[in-house]
Amino acid sequence: PFHEYCSSSLYKSENKKWSDEVETDEANGKLFYPNKINEDISKFYKIVMKFRNGNKELLRTGEINYVYADDAKGVIAVERKSGKKSVVVVINLTDKENIVKIPLDGGDYQSITSDNKFSVIDKLMEVKLKAKEGLILMKK
(Lines give C-alpha, C1' and ligand atoms only; values in the text may rest on other atoms or scores of the structure.)
Protein backbone atom coordinates (compact mmCIF):
# COMPACT_ATOMS: atom_id res chain seq x y z
CA PRO A 1 0.00 0.00 0.00
CA PHE A 2 0.89 3.62 -0.52
CA HIS A 3 1.36 4.54 3.17
CA GLU A 4 3.91 1.74 3.58
CA TYR A 5 5.90 3.15 0.64
CA CYS A 6 5.86 6.64 2.18
CA SER A 7 7.28 5.37 5.46
CA SER A 8 9.88 3.15 3.79
CA SER A 9 13.57 3.99 3.77
CA LEU A 10 13.50 3.79 -0.06
CA TYR A 11 11.02 6.68 -0.26
CA LYS A 12 12.87 8.78 2.29
CA SER A 13 16.20 8.32 0.53
CA GLU A 14 14.67 9.28 -2.86
CA ASN A 15 13.00 12.36 -1.43
CA LYS A 16 15.51 13.96 0.88
CA LYS A 17 13.30 17.02 1.58
CA TRP A 18 10.57 15.11 3.37
CA SER A 19 8.48 17.57 5.35
CA ASP A 20 6.04 17.18 8.19
CA GLU A 21 3.71 19.40 6.15
CA VAL A 22 3.30 16.77 3.44
CA GLU A 23 0.05 14.85 3.67
CA THR A 24 -0.89 11.64 1.96
CA ASP A 25 -4.03 10.91 0.02
CA GLU A 26 -4.08 7.11 0.31
CA ALA A 27 -7.30 6.73 -1.67
CA ASN A 28 -5.71 8.34 -4.74
CA GLY A 29 -2.13 7.34 -4.03
CA LYS A 30 -0.75 10.90 -3.96
CA LEU A 31 1.26 13.23 -1.75
CA PHE A 32 0.33 16.88 -1.42
CA TYR A 33 1.14 20.04 0.48
CA PRO A 34 -2.06 21.43 1.95
CA ASN A 35 -2.81 25.03 1.00
CA LYS A 36 -2.36 27.44 3.87
CA ILE A 37 -4.06 30.80 3.80
CA ASN A 38 -1.81 33.81 4.31
CA GLU A 39 -3.93 35.73 6.82
CA ASP A 40 -2.27 39.10 6.08
CA ILE A 41 -3.01 38.87 2.36
CA SER A 42 -6.52 37.56 3.02
CA LYS A 43 -7.24 40.48 5.37
CA PHE A 44 -5.85 42.98 2.84
CA TYR A 45 -8.03 41.63 0.02
CA LYS A 46 -11.13 41.71 2.23
CA ILE A 47 -10.49 45.39 3.06
CA VAL A 48 -9.86 46.31 -0.58
CA MET A 49 -12.97 44.45 -1.78
CA LYS A 50 -15.11 46.15 0.87
CA PHE A 51 -13.68 49.51 -0.20
CA ARG A 52 -14.35 48.74 -3.87
CA ASN A 53 -17.92 47.63 -3.21
CA GLY A 54 -18.63 50.75 -1.14
CA ASN A 55 -17.18 53.19 -3.71
CA LYS A 56 -18.31 51.83 -7.06
CA GLU A 57 -19.33 55.18 -8.55
CA LEU A 58 -16.06 56.85 -7.57
CA LEU A 59 -13.96 53.99 -8.91
CA ARG A 60 -15.93 53.48 -12.12
CA THR A 61 -16.78 56.98 -13.26
CA GLY A 62 -14.54 59.32 -11.28
CA GLU A 63 -12.10 61.64 -12.97
CA ILE A 64 -8.51 60.31 -13.02
CA ASN A 65 -5.59 62.64 -12.35
CA TYR A 66 -1.95 61.61 -12.33
CA VAL A 67 -0.90 63.88 -9.48
CA TYR A 68 2.70 62.76 -8.93
CA ALA A 69 5.36 60.90 -10.86
CA ASP A 70 9.07 60.97 -10.10
CA ASP A 71 11.28 58.59 -12.07
CA ALA A 72 14.29 59.35 -9.87
CA LYS A 73 12.41 58.40 -6.71
CA GLY A 74 10.39 55.66 -8.41
CA VAL A 75 7.09 56.91 -6.98
CA ILE A 76 3.75 57.49 -8.70
CA ALA A 77 0.44 58.80 -7.32
CA VAL A 78 -2.96 58.75 -9.00
CA GLU A 79 -6.10 60.49 -7.76
CA ARG A 80 -9.65 59.52 -8.63
CA LYS A 81 -12.37 62.11 -7.85
CA SER A 82 -16.14 62.13 -8.09
CA GLY A 83 -18.01 64.98 -6.45
CA LYS A 84 -16.65 65.41 -2.93
CA LYS A 85 -15.17 61.90 -2.84
CA SER A 86 -11.50 61.37 -3.61
CA VAL A 87 -9.08 58.45 -3.40
CA VAL A 88 -5.32 58.64 -3.94
CA VAL A 89 -3.17 55.60 -4.70
CA VAL A 90 0.55 56.11 -4.01
CA ILE A 91 3.09 53.46 -5.04
CA ASN A 92 6.81 53.24 -4.28
CA LEU A 93 8.38 51.03 -6.94
CA THR A 94 11.89 51.04 -5.47
CA ASP A 95 13.79 49.02 -2.88
CA LYS A 96 14.30 52.19 -0.82
CA GLU A 97 12.14 54.13 1.59
CA ASN A 98 10.83 57.39 0.08
CA ILE A 99 9.23 60.56 1.37
CA VAL A 100 7.23 62.45 -1.24
CA LYS A 101 5.05 65.57 -1.30
CA ILE A 102 1.97 65.06 -3.43
CA PRO A 103 0.15 68.12 -4.80
CA LEU A 104 -3.57 68.00 -3.90
CA ASP A 105 -6.34 70.55 -3.45
CA GLY A 106 -6.78 70.03 0.28
CA GLY A 107 -8.38 67.91 2.94
CA ASP A 108 -7.49 65.02 5.17
CA TYR A 109 -6.90 61.47 3.95
CA GLN A 110 -6.78 58.13 5.72
CA SER A 111 -5.28 54.83 4.64
CA ILE A 112 -7.99 52.24 4.00
CA THR A 113 -5.77 49.49 5.46
CA SER A 114 -4.53 51.21 8.63
CA ASP A 115 -5.17 54.10 11.00
CA ASN A 116 -2.54 56.29 9.27
CA LYS A 117 -3.83 59.77 8.51
CA PHE A 118 -2.43 62.36 6.11
CA SER A 119 -3.22 66.07 5.81
CA VAL A 120 -2.82 68.39 2.85
CA ILE A 121 -0.95 71.51 4.01
CA ASP A 122 -0.27 74.32 1.54
CA LYS A 123 -1.62 72.08 -1.23
CA LEU A 124 0.93 69.32 -0.48
CA MET A 125 0.45 65.98 1.28
CA GLU A 126 3.64 64.43 2.65
CA VAL A 127 3.71 60.64 2.47
CA LYS A 128 6.41 58.31 3.76
CA LEU A 129 6.55 55.01 1.88
CA LYS A 130 8.49 51.89 2.73
CA ALA A 131 10.31 50.02 -0.04
CA LYS A 132 7.83 48.47 -2.53
CA GLU A 133 4.88 49.88 -0.56
CA GLY A 134 1.61 51.10 -1.95
CA LEU A 135 -1.06 53.07 -0.11
CA ILE A 136 -4.74 53.63 -0.85
CA LEU A 137 -5.80 56.89 0.79
CA MET A 138 -9.45 57.98 1.04
CA LYS A 139 -10.41 61.61 1.58
CA LYS A 140 -12.33 62.02 4.82
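With all protein chains in place and ligands, DNA and RNA left out, the 1.4 Å accessible area ranks 94, 24 as 24, 94, largest first. Take the cross-link list 50/139; 43/96; 50/130; 73/128; 43/85; 43/123 and give me the ones stretching past 22 Å between alpha-carbons. In this structure, 43/96; 50/130; 43/85; 43/123 lie more than 22 Å apart at Cα.
Toward the positive end of the charge dipole of the chain, about the Cα centre and with charges on Cβ (Lys, Arg +1; Asp, Glu -1), which of 44, 92, 54 goes farthest? So the residue furthest toward the plus end is 54. Computed with every protein chain present, the accessible area of residue 89 is close to 50 Å² [probe 1.4 Å]. Residue 97 contributes an accessible area of around 110 Å² to the protein surface, as traced by a 1.4 Å probe with all chains present. Ordered by 1.4 Å accessible area with all protein chains kept, 138, 49, 125 run largest first as 49, 138, 125. Taking label points 7 Å from Cα along the Cα-to-Cβ direction, residue 50 and residue 121 give a separation of 3.1 nm. Dipole magnitude for the chain: about 720 debye, using +1 per Lys or Arg Cβ and -1 per Asp or Glu Cβ, origin at the Cα centre. Under the shape rule built on the C-alpha gyration tensor, where the axes satisfy a ≥ b ≥ c, the stretch 37-85 is oblate, since a/c reaches at least 1.5 while a/b does not exceed b/c.
The values are calculated or read from the model by the stated rules, or taken from the named source; none is laboratory data. Keep in mind the model is a prediction, meaning the values are calculated, not measured. FYI the Cβ positions are ideal-geometry reconstructions off the backbone, even for glycines, and counts take in every protein chain you see. Protein only, heavy atoms only, side chains kept; ligands, DNA and RNA dropped before computing areas. Shrake-Rupley method; radii C 1.70, N 1.55, O 1.52, S 1.80 Å.
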